[in-house]
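Visitor: Structure below; questions to follow.
Derivation of every value follows stated rules applied to the coordinates shown; laboratory data play no part. Given the structure is predicted, the values throughout are model-derived calculations rather than measurements. Cβ sites come from the backbone with ideal geometry, for glycine too, and all protein chains shown count toward neighbours.
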């Protein structure tokens, strides 16, 4: 997960366990989160036109990886931001609502990029092998 500061002021970013939830499969079972190897953003200053990235390792059964939902709530300075939800997975090709109006928009979206990554890891998509 990458946070980018497109503003003109420095922002203090804080993202750790409890602010990130990963659910798998159509029933929304909680994923196993590897807290030991994951890298969080704790009290990091993101200056204008800079980025900070957190790495979260999660696992589940192969069948459940067909659908992945990630919910994140970021703390910026001392304020909590809105909760954001990303949903995607192998074989889920639903793009944003306006994807029909912009050909290729769904493939270029974050959900499209993560879906391609999951397909490559599963060995079932373009570029797999």
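Visitor: Using a basic spin-label model with each label point 7 Å from the Cα along Cα→Cβ, how many nm lie between residue 44 and residue 63?
Guide: That separation, rounded to one decimal, is 3.7 nm.
Visitor: I've got another one for you. So if each residue of separation counts as 0.36 nm, and I subtract the Cα-Cα distance between residue 4 and residue 86, what length gain in nm does that give?
Guide: Using 0.36 nm per residue and subtracting the Cα-Cα distance, I get 27.8 nm.
Visitor: Using alpha carbon centroids, what distance separates segment 62-85 and segment 1-15, in Å?
Guide: 16 Å
Visitor: Mind checking Rg over Rh on segment 2-88, alpha carbons, Kirkwood formula for Rh? All intermediate terms of the calculation are to be shown ahead of the outcome.
Guide: On the way: Rg = 14.3 Å, Rh = 13.9 Å.
So for segment 2-88, dividing Rg by the Kirkwood Rh gives 1.02.
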